[in-house]
Amino acid sequence: MPFDEIFPRMPAGETRKVHTAGTHRIVPPETTLARVTPFLPVMGITRVANVTGLDTIGIPVVMVTRPNARSVSVSQGKGVTLAAARASGVMESIETYHAERIAHPVKFASYEDLRWTHRVADVTRLPHRADGTFSPHTPILWIEGMELMSGTPMWVPFETVHLNFTVPMPPGSGAFIAGSNGLASGNHPLEAIVHAIGELVERDAATLWHLRSAAEQEDTRIDLSTVGDPLCRSMLQRFEDAGVDAAVWELTSDIGLPAFLCRIVPREDLPRHSVRPASGMGCHCAREVALARALTEAAQSRLTFISGARDDMPRGEYLRHLDPAAVARWQRRIRGGGGGRDFALCPTAPGRTVEEDLRDQLARLRRAGIDEVVAVDLTKPEFGIPVVRVVIPGLEGIADSPEYLLGDRGRAIPEHPAEGHA
Ligand SMILES: Nc1ncnc2c1ncn2[C@@H]1O[C@H](COP(=O)(O)OP(=O)(O)OP(=O)(O)O)[C@@H](O)[C@H]1O
Ligand SMILES: [Mg+2]
């Protein structure tokens with residue numbers, strides 16, 4: 001089905017990739033920045049700060065502040081160039097602004113009331129809260145999206161789409177896991193959707209991987225000498241030059257989209273220094289981009305600790321990573337073992353256009369037993385910046401919080417002693 005027909009309100013057009021260094025985009029990051037910069041003051045974005053120099057690694061990282069935010073007021077961006085990092089940080093702040101201020105009509109109804117007259121997503125397969133209040137007979141808010149496999153409208157719980165955390169919360173809140181997973185923006189609606197699906201597949205793959213035994217996890221460790229991509233090599237060299245040990249594991253799930261986890265730790269113990277072990281993940285149809293995303297995100301998350309600017313990072317989170325036992329565990333994990341997996345044998349299937357990538361993602365999801373991929377178009381006509389929230393019932397969410405209730409895919413994995421979700 002042509003995607004222009006599914007999204008008649010969204011600008012169609014050619015989705016040929018022109019930029020493929022570290023991210024696949026239909027325009028270079030400089031063009032994205034030039035387009036969106038005039039809107040930043042309107043959205044309350046007051047600062048885009050290059051914080052790369054606070055660390056010694058040198059992989060570009062920025063932080064973007066939006067003080068009047070209704071969720072997180074600091075976004076971060078990373079990239080293989082400073083322009084790419086700025087585009088990523090600014091676009092994350094922009095998409096969050098959109099999800100905080102949704103102006104679409106919503107419906108207040110119970111699942112049982114709605115399902116007779118509306119196509120409703122399979123709520124039983126959405127990530128639920130362990131302490132959740134969901135009942136098919138309790139009214140909650142719903143918002144309409146477009147189900148991409150069938151090309152027909154489908155309603156999803158509003159709680160899985162919006163990010164307005166000002167109180168009081170809307171009625172019916174507290175049933176499903178609410179967060180930014182699957183929220184994305186881009187230079188084209190399909191670019192945003194592809195990024196959102198990649199993020200959801202990455203989180204699902206990570207949750208499943210963390211449920212595996214330590215031996216199974218170790219089997220997925222990459223032999224870094226097999227990484228031939230020059231950009232990834234140069235970033236690994238930056239870690240090396242900065243005295244940072246890095247290790248990479250392949251997270252790729254049955255869905256088959258390449259996904260990686262990178263963990264980094266300072267080679268020397270640095271007492272009284274705010275440098276912590278850090279990690280990053282990436283998922284992308286092109287394996288070298290998936291890896292580049294994991295490497296840049298590891299550098300970004302180290303800077304999160306160094307800059308201390310994130311308002312959603314409680315003090316306990318800093319202390320947890322400062323714990324000498326935790327640092328020693330990380331060092332053992334990263335330095336111990338070698339990693340035997342050949343990066344050149346990891347899957348990779350980049351399309352020529354973003355549309356090809358989307359078709360490939362949908363086909364893979366279908367083969368893995370997923371039959372609903374709902375995209376809620378959050379684009380605001382006054383800006384014209386494509387923003388979507390994608391909701392995929394059946395995929396696992398981020399399972400690192402106590403309130404996360406494991407879904408079918410996670411429960412299908414035999415239990416092992418917990419290794420810790422790092
Ligand atoms: N060059 C770019 N042009 C347009 N949009 C971009 C560009 N780079 C990133 N974005 C968008 O900015 C948002 C943040 O992207 P980023 O690459 O930082 O990854 P992320 O994995 O979504 O980060 P996180 O894991 O913190 O959510 C995404 O919605 C992405 O599509
Ligand atoms: Mg994101």
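The values are calculated or read from the model by the stated rules, or taken from the named source; none is laboratory data. Remember, it's a predicted structure, so these values are computed and weren't measured experimentally. Don't worry about glycine lacking a Cβ; one is built from the backbone with ideal geometry, like all the others, and counts go over all protein chains shown. Side chains are part of the model used for accessible areas, which takes the heavy atoms of the whole protein and leaves out ligands, DNA and RNA. Shrake-Rupley method; radii C 1.70, N 1.55, O 1.52, S 1.80 Å.
For region 258-264, in order, what is each residue's ³J(HN,Hα) by Karplus, 6.51 cos²θ - 1.76 cosθ + 1.60 with θ = phi - 60°, in whole Hz (x at glycine and Pro)?
Going residue by residue, I get x, 9, 9, 10, 10, 10, 10 Hz, with x marking Gly and Pro.
With every protein chain left in place, what is the accessible area per residue of region 279-403 in square angstrom, probe 1.4 Å?
40 Å²
Where does the chain land at 222 nm, in deg cm²/dmol rounded to the nearest 500, when only DSSP H runs of n ≥ 4 count, each adding -39500 (n - 2.57), divided by all residues?
Mean residue ellipticity, 222 nm, calculated: -9500 deg cm²/dmol.
Using the membrane-span-like helix rule (whole DSSP H runs, Cα extent along the own axis of at least 18 Å, mean Kyte-Doolittle hydropathy at least 0.0), which helices of the chain qualify?
82-100, 189-210, 287-307
Against the empirical 2.2 N^0.38 Å scaling, what ratio does the C-alpha Rg of region 344-422 come to?
The value comes to 1.46.
Starting from the Cα gyration tensor of region 93-136, take the square roots of the eigenvalues, sort them a ≥ b ≥ c, and report rounded, prolate or oblate (rounded when a/c is under 1.5, otherwise prolate if a/b is larger than b/c, else oblate).
Cα axes put region 93-136 in the oblate bin.
Can you pull a Stokes-Einstein diffusion coefficient for the chain at 4 °C (1.567 mPa s), Rh from Kirkwood over Cα pairs, as a whole number of µm²/s?
Roughly 59 µm²/s, to the nearest whole number.
Residue by residue through region 37-47, what is 3J(HN,Hα) from phi via Karplus (6.51 cos²θ - 1.76 cosθ + 1.60, θ = phi - 60°)? Round to whole Hz and write x for glycine and proline.
Coupling constants for region 37-47: 3, x, 8, 4, x, 5, 8, x, 7, 9, 7 Hz.
Give the Rg (one decimal place) followed by the Dmax (whole number) of region 184-270, computed from C-alpha coordinates and expressed in Å.
Gyration radius and largest Cα-Cα distance of region 184-270: 15.4, 46 Å.
Decide, for region 355-399, between rounded, prolate and oblate: order the square roots of the alpha carbon gyration tensor eigenvalues as a ≥ b ≥ c, take rounded if a/c falls under 1.5, and otherwise choose prolate if a/b is larger than b/c, else oblate.
Here region 355-399 falls in the oblate category.
So what are the three principal axis dimensions of region 1-159 from its Cα atoms, in whole Å, longest to shortest?
Taking max minus min along each principal axis of the Cα atoms, region 1-159 gives 55, 39, 29 Å.
Under 21 Å Cα to Cα from residue 107, which lysines show up? Leave out anything in the same chain fewer than 8 places away.
Counting by Cα, and skipping residues close in sequence, residue 107 has these lysines nearby: 380.
Give the accessible surface of region 31-160 per residue, rounded to a whole number of Å², with probe radius 1.4 Å and ligands, DNA and RNA excluded.
It amounts to 43 Å² per residue over region 31-160.
Is the shape of region 91-191 rounded, prolate or oblate, going by the alpha carbon gyration tensor and its root eigenvalues a ≥ b ≥ c, with a/c under 1.5 for rounded and a/b larger than b/c for prolate?
Oblate shape, in that a/c is at least 1.5 and b/c is the bigger or equal ratio.
Which of the peptides 130-143, 199-212 is most tightly packed, and how do the rest follow, going by the mean number of other Cβ atoms within 10 Å of each residue?
199-212, 130-143
Which GluC sites (Glu not before Pro) does region 144-173 hold that lie in a coil by DSSP with at most 10 other beta carbons within 10 Å?
Qualifying residues, ordered by number: none.
For the chain, which whole percent of the accessible surface, found with a 1.4 angstrom probe, sits on carbon and sulfur atoms?
Summing carbon and sulfur atoms, their accessible area is 53 percent of the total for the chain.
Taking Cα centroids, how far is region 183-209 from region 316-381 in Å?
9 Å
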